[in-house]
1. Kindly indicate whether Phe242 is in a helix (DSSP H, G or I), touching a Pro at 6+ places or on another chain (Cβ under 7 Å), more than 27 Å from Lys107 (Cα to Cα) and within 16 Å of the ligand (Cβ to nearest atom).
2. Which ones in region 187-221 are in contact with a helix residue (DSSP H, G or I) (Cβ under 8 Å, 6 or more places away or on another chain) and within 16 Å of the ligand (Cβ to nearest atom)?
3. Going by what's in this entry, would Lys83 be described as within 16 Å of the ligand (Cβ to nearest atom), on the phi < 0 side of the Ramachandran plot and among the charged types (D, E, K, R)?
4. Enumerate the pairs (first residue in region 78-105 and among the β-branched types (Val, Ile, Thr); second residue anywhere and assigned to a helix (DSSP H, G or I) and within 11 Å of the ligand (Cβ to nearest atom)) with beta-carbon separation below 6 Å, excluding pairs fewer than 6 apart on the same chain, so at least 6 apart or on different chains.
5. Could you please give the count of residues in region 166-204 that are hydroxyl-bearing (Ser, Thr, Tyr) and either part of a loop (DSSP other than H, G, I, E, B) or farther than 17 Å from Val33 by Cα (or both)?
6. In the same structural domain as Glu79 (by TED's automatic domain parsing), away from the ligand (no atom under 16 Å from the Cβ), under 24 Å from the mean Cα position of the chain (by Cα) and surrounded by fewer than 17 Cβ atoms within 10 Å (Cβ to Cβ), is that true of Glu184?
7. Output the number of residues of region 18-72 satisfying the condition of being among the hydrophobic types (A, V, I, L, M, F, W, C), outside any strand (DSSP E or B) and under 18 Å from Tyr102 (Cα atoms).
8. So which residues in region 162-174 are under 26 Å from the mean Cα position of the chain (by Cα) and among the basic types (Lys, Arg)?
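The values are calculated or read from the model by the stated rules, or taken from the named source; none is laboratory data. Every value quoted in this text rests on a predicted model; they were computed, and no experiment measured them. In this analysis, Cβ positions are derived from the backbone assuming ideal geometry, glycine residues included, and neighbour counts consider all displayed protein chains.
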Amino acid sequence: MDLEKQALEILRTFEGGEPYQLGYSGGKDSDVVFHLAKKSGVKFQAVHNHTTVDAPETVRYVRSKRGVVVLYPPMSMWELIVKHKTPPTRRMRYCCEELKEYSGAGKKVITGVRKSESRNRRQNQGFVTLIKPDRTARKLTDDELFLSNDKGGIVVMNYDNSEVHRMVESCYRTSKTLVNPILEWDDEYLWWYIQKEQIEINPLYREGFQRIGCIGCPMAGKKRWREFSRYPKYKDAYIRTFAKMLEYRKVCGNKEVAGWKTPESVFQWWMEDQCMEGQISMIIEGNEITGFREKG
Ligand code: SF4
């Protein structure tokens, strides 16, 4: 089936009750789903979660976008780092939960998630994902079209079935339902579609950025060096925050961490994005954390 037609059908099929919430990040995928949602005629509200570490160009671009509501998080990235007493890492992305994922509970949320973007998404998401399924919804996993994901949610692998529609619709009151209309789109099709439909996108893409997101995101690995050379004030802000974090650790009586002598050495450790000698793994709130060792 034509991918645009499929996306429009998914949006129209799962509409009903409250308007959709559309997760608008300011990246190209969210501009495409914004365009598709308008084209489909469904009722929706686009919402952007300001992360406090977005590129200034993205902040301006999102503010210029008509129809997008900007939400501000209860705590900034800088406050979260001090509170958690560690920078966010690949394995400990507390910031995503606290800066981006808090809105949309109980709603149907349109996302720009695509399988080609990450292995995780290939494994954990379908056309529709029920984040916190209730007991009735959990029974759906007896059906071969529904799979459990490793986070306790349910993934609808194939929306093109009337029985599946009925079952998913009956679960809309669960905590969050993600509707992923461009799940199957690869980069080639996405760029072709942007050109064909003349969709306006974030000006950073014209400057060679392939990924629009938080400056300093641990998932960006070594690409962060380029981000910090373009936005040196963000580097300074992280280092100032690491100084506050080290102070706070002292006040709380936390043991010294190997490699975390100064704010600059924390920054270096963080940017190295690799294990240091003498590291241990530990479990904090169910997440395995590697990357630092407290000196005993
Ligand atoms: S820095 Fe990365 S992990 Fe943290 S909120 Fe931003 S995208 Fe999520």
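1. Working: in a helix (DSSP H, G or I): yes; touching a Pro at 6+ places or on another chain (Cβ under 7 Å): yes; more than 27 Å from Lys107 (Cα to Cα): yes; within 16 Å of the ligand (Cβ to nearest atom): yes.
It is true that Phe242 is in a helix (DSSP H, G or I), touching a Pro at 6+ places or on another chain (Cβ under 7 Å), more than 27 Å from Lys107 (Cα to Cα) and within 16 Å of the ligand (Cβ to nearest atom).
2. Matches in region 187-221: Asn202, Leu204, Arg211, Ile212, Gly213, Cys214, Ile215, Gly216, Cys217, Pro218, Ala220.
3. Values: within 16 Å of the ligand (Cβ to nearest atom): yes; on the phi < 0 side of the Ramachandran plot: yes; among the charged types (D, E, K, R): yes.
In short, yes.
4. So the pair list comes out as Thr89/Pro218.
5. Residues meeting the conditions: 4.
6. Values: in the same structural domain as Glu79 (by TED's automatic domain parsing): yes; away from the ligand (no atom under 16 Å from the Cβ): yes; under 24 Å from the mean Cα position of the chain (by Cα): yes; surrounded by fewer than 17 Cβ atoms within 10 Å (Cβ to Cβ): yes.
Taking the combined requirement at face value, the residue satisfies it.
7. Taking region 18-72 as the starting set, the residues that turn out to be among the hydrophobic types (A, V, I, L, M, F, W, C) are 22, 32-34, 36-37, 42, 44, 46-47, 53, 55, 59, 62, 68-71.
Adding the requirement that they be outside any strand (DSSP E or B) leaves 32-34, 36-37, 42, 53, 55, 59, 62.
Restricting the remaining residues to those that are under 18 Å from Tyr102 (Cα atoms) gives 53.
Going through region 18-72 one residue at a time, the tally reaches 1.
8. Scanning region 162-174 gives a single hit, Arg173.
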